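Visitor: If you scroll down you'll find the structure; I have some questions about it.
We did not get these values from a lab; they are worked out from the coordinates using the rules stated. Predicted model only: the values in this text are computed from it and were never measured. Counting neighbours? That spans all protein chains shown, and the Cβs are built from the backbone with ideal geometry, glycine included.
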């Protein structure tokens, strides 16, 4: 290359290098690079710098090539430069072709991706239920994740990726950052303040649903729900007017409120509404289920009648009835086959922090609701509860029982006055007291669930043990969503390092001192032996 | 291809005669050992803090979540990218640049060996050295199996070690390329180090920008990001995408190295 040509080549190279550096710096510091053809980008110094360098670099490289052009042409004509020129072309072509092939192979590997999950807990794979749900989709599912900013929805992309990988083309997703693509929001009809910490919009065919909880369980249940065409959220009516736990408004957030349960229900795509049965003549037609959450006063006989008629008509009912409250529903339940004890459950052996009135139930029945709890050290926490004893041969069966050391104390006077209690086998239910009962009641097989306590559903205890799952599974069962399932990610088994102090010291000494020095000495010996020539014996 | 072994053997011999290779080995085992010991201390601290989390921070499941794979091995392996970033260019810098410096490259290039054989042979030697480094890490990781109660998951650990090995092989391949570009080993070292560092930083940034956002450019950067794929493998997930990334990186670097070496033949 001529002198000038070489200079041009170096200048050109410098330009390209600095353009790339600017590009990298922009990416590192600002996180995004404004491309020169976007509006107003050239007013930004960094973009102008980058573009200018790139252009000038290209110009100089071209000039370098052209400055040698006459010489090159001359040599071509003389037949001199032919061979090396051919070599160059050949080599460059080979390189470019090779890179293209490699890129294509890599692209194919990504497009037709195969994954291997080498964890024991299958942390990167979907559960069988999710895989089944994907296989049973009537139409391809499209998920749009709407995130407020880049930090939100941490595990969501990985989760969506798992569905896409298992979906075999039936599941596609895209992630939209709300502030960057407001058009996407308006396309889906979502306002930016509805997004909160992140919202997932699922579309299967013509039906769609939204969820804000990013777990495999929530997503698969949503898929199942949407696939069934259940676009309209099911309405749950909560009885009010008797001091029941608050599920909306400020009181819902208090320790004794029902806010967390209500939020969890809403996330499962249920709509909640207050039911003033005193003023309404009957339970509204559009109710999917009625919830009686811890009334503190008696219901009016009209209300009791309305509820009875509701159940006889096949409607679902969830009752959380506290001890020492005569709600008026007790005789009704008694007729149906579940005896609500006029007692309070005491357990010193299996309770929270030894508090006798805070019993813990670990004995779960084999039922759709509690099936997933068996054998996993699951426990449900209650406070100030009464017994719910299913009658033999009745419609009800016990859902879960307290511990062997529990009993249902009927002599509440004594308990309240002196704080003492003792199991009296003649009066009290002793041992494995049933905490709740479920059953299908009446000619229409209405699903009814009754718990002897409302505190376990209130905010204070909702997140304890399996309370949350217990309640949500009960709700799902009541509404006949047999396919609603509990998927709990299996945690890797906890492990520890059993190193004694001496062992640790030995390890430290070996790793930091001995082994490196051994390697160094070995190297020195080898190097020394190579340096000094061996004396040959002649 | 018959001579591949011969070249690799010659290069390996050169490695074991040179102070650089020993320096790298010693430094690597020292630093890796240091990080291992530090990790033991950190893990112990974490375990000690479990009752604190369980009682005061109301996280009764905290102790259940602490295990050797996620809280020890994954972090210990993760630290090695920076060790390798510094040390692997040191191993590769003399591959071609050193030959040029000592003027033994003409001898090599005029021999009947094909350029591809030479490049692959030299790379193979480096790959073996790098595998030795990987063996050091594997040995130290093995200690957690000996003393772990219960021992960590084998397959998950193996996935992480595989990722580390592939990472090291990728760096070695790129180092081979930069060595073929220049006459000065120091320049080869710096070029390799700086470019790999920039790539790593850019990829951290792409990861930080969130998985799905940012469009095609960031998606490409994420695919190019070794840390992204290595991170996945440390968590026990292997995919053809990740493997393809490493294979692409190695193959592309070696192809470019071959082109660079060949260019002597047509450069004036």
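Visitor: Over all residues in B:39-47, what is the mean tally of Cβ atoms on other chains that come within 10 Å of each residue's Cβ?
Guide: 2
Visitor: Nearest 5 is fine: what % of DSSP beta bridges in the protein assembly as shown come out antiparallel, could you say?
Guide: 60
Visitor: Moving on. According to a simple spin-label model (label point 7 Å from Cα along Cα-to-Cβ), what is the distance in nm between residue B:154 and residue A:417?
Guide: Those two pseudo-labels are separated by 6.9 nm.
Visitor: For the protein assembly as shown, just say rounded, prolate or oblate: build the C-alpha gyration tensor, square-root its eigenvalues into a ≥ b ≥ c, call rounded for a/c under 1.5, and beyond that prolate if a/b exceeds b/c, oblate if not.
Guide: prolate
Visitor: Now, a different point. Let me confirm one metric for peptide B:137-146, namely the mean number of other chain beta-carbon atoms within 10 Å of its residues' beta-carbons.
Guide: Mean shielding by partner chains, rounded to a whole number: 2.
Visitor: Can you tell me the 0 to 90 degree angle between the C-alpha axis of helix A:301-312 and the longest principal axis of chain A, rounded to 10?
Guide: 60
Visitor: Let me ask something else about it. Exposure proxy check: B:76, A:87 ranked by fewest other beta carbons within 10 Å?
Guide: Final ranking by Cβ density, sparse to dense: A:87, B:76.
Visitor: What distance in nm separates the two pseudo spin-label positions at residue A:122 and residue A:443, each 7 Å out from Cα along the beta-carbon direction?
Guide: 4.6
Visitor: For every helix of n ≥ 4 consecutive DSSP H residues, a contribution of -39,500 (n - 2.57) applies; sum these over the protein assembly as shown, divide by its total residues, and give [θ] at 222 nm rounded to the nearest 500 deg cm²/dmol.
Guide: -17000 deg cm²/dmol
Visitor: Same structure again: By DSSP, what percent of the beta bridges with both residues in region A:154-284 are antiparallel, rounded to the nearest 5?
Guide: Percentage antiparallel, nearest 5: 45.
Visitor: While we're looking at this one, here's another question. Give the distance, in whole Å, between the Cα centre of region A:365-435 and the Cα centre of region B:161-195.
Guide: Computed from Cα coordinates, the inter-centre distance equals 69 Å.
Visitor: Extending each Cα 7 Å along its Cβ direction at residue A:6 and residue B:110, get the distance between those two points in nm, one decimal.
Guide: Modelled inter-label distance: 2.3 nm.
Visitor: Sticking with this structure for a sec: Decide, for chain B, between rounded, prolate and oblate: order the square roots of the alpha carbon gyration tensor eigenvalues as a ≥ b ≥ c, take rounded if a/c falls under 1.5, and otherwise choose prolate if a/b is larger than b/c, else oblate.
Guide: Here chain B falls in the prolate category.
Visitor: Order by neighbour count: A:278, A:175, B:118, fewest other Cβ atoms within 10 Å first, most last.
Guide: A:278, A:175, B:118
Visitor: What whole number of Å gives the distance from the Cα centroid of region A:451-471 to the Cα centroid of region A:247-285?
Guide: First find each Cα centre; the distance between them is then 15 Å.
Visitor: Mind running the shape call on region A:384-494? Use the C-alpha gyration tensor, a ≥ b ≥ c as the square roots of the eigenvalues: rounded below 1.5 for a/c, prolate if a/b tops b/c, oblate otherwise.
Guide: oblate
Visitor: Ranked by Cβ crowding within 10 angstrom, fewest neighbours first, how are A:454, A:406, A:418 ordered?
Guide: A:418, A:454, A:406
Visitor: With r as the distance between the Cβ atoms of residue B:10 and residue B:201 and R0 = 56 Å, compute the FRET efficiency 1/(1 + (r/R0)^6) and round to 0.05.
Guide: E between residue B:201 and residue B:10, to the nearest 0.05, is 0.95.
Visitor: Right, here's the next one. Quick check on packing: order A:342-352, A:60-70 by the mean number of other C-beta atoms within 10 Å, highest mean leading.
Guide: In decreasing order of mean packing, A:342-352, A:60-70 become A:342-352, A:60-70.
Visitor: A follow-up question, please. How large is the Rg to Rh ratio of region A:319-389 when both quantities use alpha carbon positions and Rh follows Kirkwood?
Guide: 1.01
Visitor: Full extension from residue A:302 to residue A:110: what is 0.36 nm times the residue separation minus their Cα-Cα distance, to one decimal in nm?
Guide: Full extension from residue A:302 to residue A:110 adds 62.6 nm.
Visitor: Can I ask one more? Can you tell me which of B:86, B:35, B:16 moves the most in a GNM of chain B? Springs connect C-alpha atoms under 10 Å apart.
Guide: Highest fluctuation of the listed residues: B:16.
Visitor: Round to the nearest 10 and give me the degree value, 0 to 90, for the angle of helix A:3-29's Cα axis relative to the longest principal axis of chain A.
Guide: Helix A:3-29 sits at roughly 10 degrees to that axis.
Visitor: How far, in degrees from 0 to 90, does helix B:4-17 lean away from the longest principal axis of the Cα atoms of chain B, to the nearest 10?
Guide: Here the helix axis deviates by roughly 70 degrees.
Visitor: Here's a follow-up. To the nearest 0.05, how large is the calculated FRET efficiency for residue B:2 and residue A:529 if R₀ is 25 Å and r is the Cβ-Cβ distance?
Guide: For residue B:2 and residue A:529, the calculated efficiency is 0.25.
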